[in-house]
Amino acid sequence: MDAQVEQAIEIAFDPRTEQHLKAQAYDFLNQLREEPNGWQVCLTLFTRTPSPSEVVRLVCLEVVNNAVQTQRLDQQSLVYVRDSLMGYIRQWYTPGSTNLDSASIQNKLTQTVTYLFTSLYVTEWSGFFDDFRALAGDASNIGTNNAAATIMYLRIIGSIHDEIADVMIPRTPEEQKRSNDLKDSIRARDVNKIAATWQEVLSRWRQIDLGITEMCLRTIAKWVSWVDINLVLDSTVQNALLELAGQQGSFSADSKEAKARDAAIDTFTETVGKKMSPNDKVELIRYLNLGTIVGQLVASPALSQMRNTPDYDTDLAETVAKLVNNVIFDTVKVMDTDNVDATTLGKADELLQTFMPYLLRFFADEYDEICSAVIPSLTDLLTMLRKNVKSKGVQPAQYSGMLQPILDAIVAKMKFDETATWGDEDEMTDEAEFQELRKRLHVLQQTVAAVNEQLYIDTLSRVVATTFARLDSADDKPNWRDLDLAMYEMYLFGELAIRNIGLYAKSEPSSVASQRLLEMMAKMVDSGLASHPHPAVQLQYMEICVRYVQFFEHNPASVPKVLESFVTFAHNDVGKIRLRAWYLFQRFVRHLRSQLGNVAQNVVQAIGDLLNIKAELPEDRDDDDVSSDDNGQSIDATFTSQLFLFEAIGTVASPAAVPVSTKVAIAKSVIDPLSSDLHQHLPAARNGDARAVLQVHHIIMAFGSLAYGFSDWMPGVKTGGPPPSEVSGEFLGASESTLAALEALRQSSDVRNAARNAFSRYLGVLGSQVLPQLPRWIDGLLSSASSNDEMAMFLRTLGQVVYGFKAEIAGILDQLLSPLLQQVFTGLSQPTSGTDDEIQLKELKQQYLNFVLVILNNDLGPVLVSPANQGTFDPFLSTLTRFSCDPSDPQSARLALSALVRMTSIWGGKDIPLGSTEAPAPALPGFDSFILAQFAPLPWTLLSAPGFNAKDAQMRSVLQEAGQLQWTILRKTGTAYRDQLLSELQGLGANDEGVQSYMANIAGDVLGFRKFFASFVQQAKR
């Protein structure tokens, strides 16, 4: 068996092996892992002398490790594995041994021993640590006599911490209890011995390999969080830490000296982070004399003279920054804790004052990783200061001087590095990381503003004003990084300046911050900054103009200049700027449309050359065609941005100040060329030319965007309305072209989607003129090729049409309702195959029911029972009754019941007084009997439906609707339903008192009975 396993492993991991043999070998090894006794063969192979190959030993050890880890072995087997592995370790890890395991074997062996420890330490292996410590040698030669065994010992100690004490590893409650018990046992039995070993290693750190010293420090840094702090505060350990942390020299960051030094600093960091009382924490930091240590490290050549050179030790800087972060974090925590005595607070304050310069030093570091290391403690410090201001109204005097340097450092860190380039593809990751850092810095700025708003206003005003003033300088002009910083801060400044009521209140600046921002805006616009050549500045300029567009509402003289700049940006050679300009231009003119009447024609002419649509398929553009300036802008993104230009054209042309003739001319100048282009591409599109189909899609989308720019009014909205009929006439032509394309290409989902989008936007410009075209729209958009998702979206829009034009639509709705419903019924009957299909079906049901409710709620119910729609009434009614009793879709059930209530109310005739023997007088002959036979049983059918759960929160609204149906039926059918209801209640097992209560409640108001019915069912279902 041993030979078979060895051969299988060799075959599986030999790159020259044929694939079918590899597959067989892998299958064999997988079976071996699952075999109850497979680990025994592997253990024998691993410990065999002479040893098999490296790969065989590693795979065998992995099988043994898996058996131990998954707790498949009994106690006797675990002891056998322990004895076998310890025999192997004692044989291989001896002084002077040349048979050293590879790093991968050592790692796996360490892991296996750790798993054995967790199972045997408490019961069968109390001498665990003694066994491995004995191999490492005595105190006088540890680390030198048997370095391999010392490394193994330290590896195992580190691994045990990871297994039982690492707080980042999730554990079940059972695993956590086991880990806690193991830690208690170690603390009781062996922790002093382990600490003695640390002391022995560190006392000889100059004589042993620094790699061993580093491993020792790393284990101390791990264990310090859960062992007695005094074990780490031992003088031998502390002296070694101080010596190692303070090493000076010109060694490289990857050297053993540097790694040992960093490990010593990390040990300080973890020691400071240990949980303890506020007083003990302050005394610990003072005892460790960390202020002096950090001061010496900051002043060392590696962090001072080398700071702005390629030899700057960033690893050391980040390590020290983490130490500073922990000290500040814990100091602030002490100061922010209630009931801390004044003496401790005073000492904590001294520590804060000592470490603040170091915090700012690392926060201002040019390397973002180093800066980020201290952001958590700076955040906590500012949060504490904000809480102080909020609770006491003023900032304590000793902290007031901190804010200015902190804010200055935050602002300075917001600036692009001198080595950074904007928009370079090779540095896109770095730029994205910098923007993420800016977001974190912005949060800090906001906190500063909450502590001292006036300081924040003055500082940012000064930064922006100073930078803009330099634009007029002959020899100190700001570079793009300076301007980007000033404009970025100007953009953020608005969160304070436009808070609550905007920039203006009764035509005056709404606050001090608003006044400052308006001054910045005036300077920016007048400075000619829009002509700056750098893309970052251009982008910021546009974003700011749109964000603070309110400035231009009160300063109309500045609008032409900015419009001209936007037109220039819209023609920019840099793709990122050009496409962003198209979007921002649309937003800018939408806000200011009322002021653009006199320049509408000029604006349209200025961007008219950008309206040429040219559909591109992905294969049309090679990788070489995408320049770095485009930043990989996708074809879809380009066209989507172009749509904003069409919307902007309509927006500019729409104000009342623009003459109707000009509106018509603008609409015609855009629509006619597009219509012509669409008809030219239709023949090729019919023949399946993908590019032609895409061109048609793009043109239809452009029609819709232009229409939306002209009018964002929707039917049913009381204010506003379509544009003048002359303008609407132009869009009738666009609508006809769209319908021609839809009828020719209805099998194309892209064309249907574009047409549906355009239809919803034509409503605003055509108004009721769209109604004669409605049958064609329905025929095209609800074709056999339409998905349920498409039908649901179109029904939503169609409901808006019915609601908006209820007075005029009855005749048309009567003609189109049956074909429309038949198409919907087809969609509702389609089988689902997956979650997406189920979601789309549910959405279609809900939009269909909403559409029915729109008809019923707008006095169009007669259409449902007209002669033209008699053929679809039964299947229509069947959908309502089926959906109303389906507890798997509560939303649809509620809507269906609402429709049934409405139908009962409309066609049930006048209300019959309760207790009266008056006969029903339904609006439709025989409808009273129909209600009793078809509608009345539905509430009880719902309750007995499979899956019904009265406790479901969504089901409560369904039950209330079902209760309203009963309430309404009683008032339309009188004693007939009263007698039927009494019989049903008695059949359900209700006693006389329950029946009496039920009938008393249904005789009351509808809201009361809705609540009663839901509660009645929930109590009955308990």
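The values are calculated or read from the model by the stated rules, or taken from the named source; none is laboratory data. Treat the numbers as computed from the prediction; the structure is a model and nothing was measured. Neighbour counts run over all protein chains shown; Cβ positions are idealised from the backbone, glycine included. Keep in mind that these areas ignore ligands, DNA and RNA; they rest on the heavy atoms of the full protein, side chains included. Shrake-Rupley method; radii C 1.70, N 1.55, O 1.52, S 1.80 Å.
List of remarks:
- Between HIS591 and VAL122, the simple label model (points 7 Å from Cα in the Cβ direction) yields a spacing of 6.7 nm.
- By the Cβ distance rule (another cysteine Cβ under 4.7 Å), the unpaired cysteines of the chain are CYS216, CYS371, CYS545, CYS885.
- Pairs spanning more than 26 Å between alpha-carbon atoms, out of LYS951/LYS972; LYS177/LYS274; LYS108/LYS256; LYS222/LYS256; LYS347/LYS415: LYS951/LYS972; LYS347/LYS415.
- Reciprocal mean inverse distance between Cα atoms of the range 456-504 - Kirkwood radius, Å: 11.6
- In this calculation the C-beta distance from SER527 to GLU726 is compared with R0 = 41 Å, giving a FRET efficiency of 0.40.
- Solvent-free Debye scattering, log10 I(q)/I(0), computed from the Cα coordinates of the range 99-186 at q = 0.20 Å⁻¹: -0.99
- Across the range 293-372, C-alpha contacts under 8 Å between residues 6 or more apart give a mean separation that, scaled by the residue count, equals a relative contact order of 30 percent.
- Calculated FRET efficiency for the pair LYS1021/ILE169, C-beta based, R₀ 35 Å, to 0.05: 0.20
- The alpha carbon centroids of the range 500-565 and the range 885-936 are separated by 61 Å.
- Dimensions (Å) - the range 373-419, Cα atoms, principal axes, largest first: 44, 19, 15
- Pairwise centroid distance, computed over Cα atoms, of the range 745-816 with the range 670-724, Å: 14
- Residues whose amide H falls under 5 Å from that of TYR504, counting only those 5 or more places apart or on a different chain, are SER510, with hydrogens built in the peptide plane.
- 18 Å reach of a label modelled at ASN37, 7 Å along Cα-to-Cβ, counting backbone N of the range 54-82: 64, 67-68, 72-81
- Three semi-axes of the equivalent ellipsoid, the range 819-884, Cα gyration tensor, whole Å, largest first: 24, 13, 9
- Kirkwood-based Rg to Rh ratio, the range 771-926, C-alpha trace: 1.00
- Only Cα pairs under 8 Å and 6+ residues apart enter the sum, and on that basis the relative contact order of the range 827-918 stands at 27 percent.
- Taking 0.36 nm per residue of separation and subtracting the Cα-Cα distance, full extension of the segment from GLN515 to ARG16 would add 172.0 nm.
- Relative contact order for the chain, counting Cα pairs under 8 Å that sit 6 or more residues apart, in percent: 4
- Ellipticity estimate at 222 nm from DSSP helix runs (n ≥ 4, -39,500 (n - 2.57)) divided over the chain, nearest 500: -22500 deg cm²/dmol
- Per-residue Karplus couplings for the range 579-585, computed as 6.51 cos²θ - 1.76 cosθ + 1.60 with θ equal to phi - 60°, are listed in order as 5, 5, 5, 4, 5, 5, 4 Hz, Gly and Pro entered as x.
- Solvent-accessible area per residue for the chain (1.4 angstrom probe, square angstrom): 43
- Computed extension length for THR466-GLN822: 121.1 nm, one decimal, from 0.36 nm per residue of separation with the Cα-Cα distance subtracted.
- Put the Cα centre of the range 88-129 next to the Cα centre of the range 149-198 and the gap is 15 Å.
- Taking θ as phi - 60° and the Karplus parameters 6.51, -1.76 and 1.60, the scalar couplings of the range 894-909 work out to 4, 5, 5, 5, 4, 5, 5, 4, 5, 4, 4, 5, 6, 9, x, x Hz in sequence order, x denoting glycine and proline.
- Rg/Rh for the range 390-452, where both radii come from Cα atoms and Rh is the Kirkwood radius: 1.15
- Taking a ≥ b ≥ c as the square roots of the eigenvalues of the Cα gyration tensor, the range 874-960 is classed as prolate, since a/c reaches at least 1.5 and a/b is larger than b/c.
- Ratio of the Cα radius of gyration of the range 204-276 to 2.2 N^0.38 Å, where N counts its residues: 1.07
- The simple Förster model, with R0 at 56 Å and r as the Cβ-Cβ distance, assigns GLU425 and LEU242 a FRET efficiency of 0.70.
- Translational diffusion coefficient (Stokes-Einstein; Kirkwood radius from C-alpha pairs) of the range 432-578 at 25 °C, 0.890 mPa s, in µm²/s: 153
- Separation of the ALA785 and ASN857 label points, Cα + 7 Å toward Cβ, nm: 3.4
- Listed candidates (1) 125, 80, 50; (2) 108, 89, 72; (3) 118, 76, 61 - label of the one calculated as Cα extents along the principal axes in Å: (2)
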